[in-house]
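Written out below as structure tokens is the structure these notes cover.
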Amino acid sequence: MHTMRKKSEDNLPLIALVGPTNAGKSTLFNRMTGSWQAITAREESTTRDRIYGEVEWQSWRFNLVDTGGLAEDESELYQKIKSQTLQAVTEADLVLFVFDATSGLTPSNLQFIKTLRQTKNVWLVANKMDSPKRRAELSTYDYLGLKTFAVSAIKGNGVGDLLEAASNDLPKVKINDPSAPVITIVGRPNVGKSTLLNSLTKSNRAVVSPLAGTTRDIVTEKIIIDGTDFLLADTAGVRRRGRIARGTEDFSVKRALTTISRSDAVLVVIDASEGTTRGDLHLIYFAHDLGKPLLIVINKMDLIETGRMPFHRYLHKFPNIPVSALKGENTDKVLTWLKENVASGK
């Protein structure tokens with residue numbers, strides 16, 4: 001029988017980064033974790049899912065979660081993003097409210113902070129503090145009675161002081177074993193990658209939406225299968241060449257391909273109701289040529305007639321499992337494949 005554990009249950013303290021859109025949370029996340037996980041851009045609301053990473057500082061460890069930016073938007077997608085943020089806050093031992101020092105705090109920011117501090121330990125992090133004059137302006141927020149830190153995430157200024165304070169405040173967990181094997185989930189947009197991630201981990205980590213291209217960061221979730229640790233990484237949908245939009249989507253795709261190259265195994269998700277495309281073949285052979293253990297997950301089998309298998313002839317030589325991620329059908333076989341084909345540890 002498979003036993004599973006979520007990232008938030010691995011006994012490491014958790015810090016949540018929250019705040020308005022375009023405040024530099026993802027840049028700070030990347031700086032603190034030393035990772036490439038969170039996409040950074042000048043476009044607002046680039047981060048949509050909860051993005052987890054691990055921080056190592058002075059021989060101590062803790063988890064960090066990046067969240068979507070707070071915005072006054074009533075759309076369904078933004079409400080899902082806000083729900084992800086609130087979930088991260090619920091899990092967190094410490095909340096860092098990150099804001100753009102050049103813009104300051106808005107009334108809605110202050111109201112959100114007021115609500116947060118009723119149940120959570122909240123610190124203010126003024127980002128983009130690139131001049132002594134701006135640092136002096138921080139005294140404006142002394143009346144809030146919160147610990148306040150001035151940083152420049154892009155330059156790294158002040159981040160060491162923030163990490164030092166956080167490590168002193170949080171329960172101590174020492175650095176020990178290497179990270180678990182990384183299993184990358186890839187596929188074209190809207191084939192059900194995030195739904196598969198949620199089904200495999202029995203969580204609601206990734207924002208699932210009928211809008212193609214919802215996931216643009218690398219979303220990770222740690223699980224344990226029969227005592228073996230694995231880290232699942234969801235990626236942005238990869239369109240066929242020639243149909244990739246410039247800007248954020250372009251480097252999301254590049255990041256997905258980079259994640260494949262750094263992973264220990266790859267799950268390529270195919271939409272059974274649409275069949276295979278050149279885009280699917282590109283992903284499959286990209287992973288195959290790198291020598292990665294590869295499993296083709298044929299999703300949405302609940303939408304097609306029994307017995308109909310939408311395979312391209314070249315796919316017969318690769319292992320495959322038909323599933324319905326939405327209904328959780330056959331996903332246990334995916335876990336079995338991971339256990340049997342991916343070695344524990346790196």
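Descriptive notes on the structure:
- Some residue of segment 180-196 being outside any strand (DSSP E or B) and modelled with pLDDT under 80: yes
- Residues satisfying the stated conditions in segment 182-192, i.e. within 13 Å of the chain's Cα centre (by Cα) and closer than 16 Å to Lys300 by Cβ: Ile185
- Selection status of Thr201, under 18 Å from the mean Cα position of the chain (by Cα), at pLDDT 70 or above, closer than 21 Å to Ile270 by Cβ and not aromatic (Phe, Trp, Tyr): yes
- Of the strands (runs of 3 or more DSSP E) that lie entirely inside segment 80-158, those containing 3 or more residues that are out of contact with any Pro (no Cβ under 8 Å at 6 or more places or on another chain) and closer than 15 Å to Lys25 by Cα span 94-100, 122-127.
- Annotation: Ala153 fulfils all but one of (1) open to solvent by less than 20 Å² (accessible area, probe 1.4 Å); (2) at pLDDT below 70; the unmet one is (2).
- Pro20 being out of contact with any helix residue (DSSP H, G or I) (no Cβ under 8 Å at 6 or more places or on another chain) and at pLDDT 75 or above: no
- For segment 254-304, the candidate set comprises residues that are small (Gly, Ala, Ser) and more than 22 Å from the chain's Cα centre (by Cα); within that set, the residue that is surrounded by the fewest Cβ atoms within 10 Å (Cβ to Cβ) is Gly291.
The values are calculated or read from the model by the stated rules, or taken from the named source; none is laboratory data. Predicted, not measured: the structure shown is a model, and the values here were computed from it. All Cβ positions, even for glycine, are placed from backbone atoms using ideal geometry, and neighbour counts span all protein chains on display. SASA here: full protein model, heavy atoms, side chains in, ligands and nucleic acids out. Shrake-Rupley method; radii C 1.70, N 1.55, O 1.52, S 1.80 Å.
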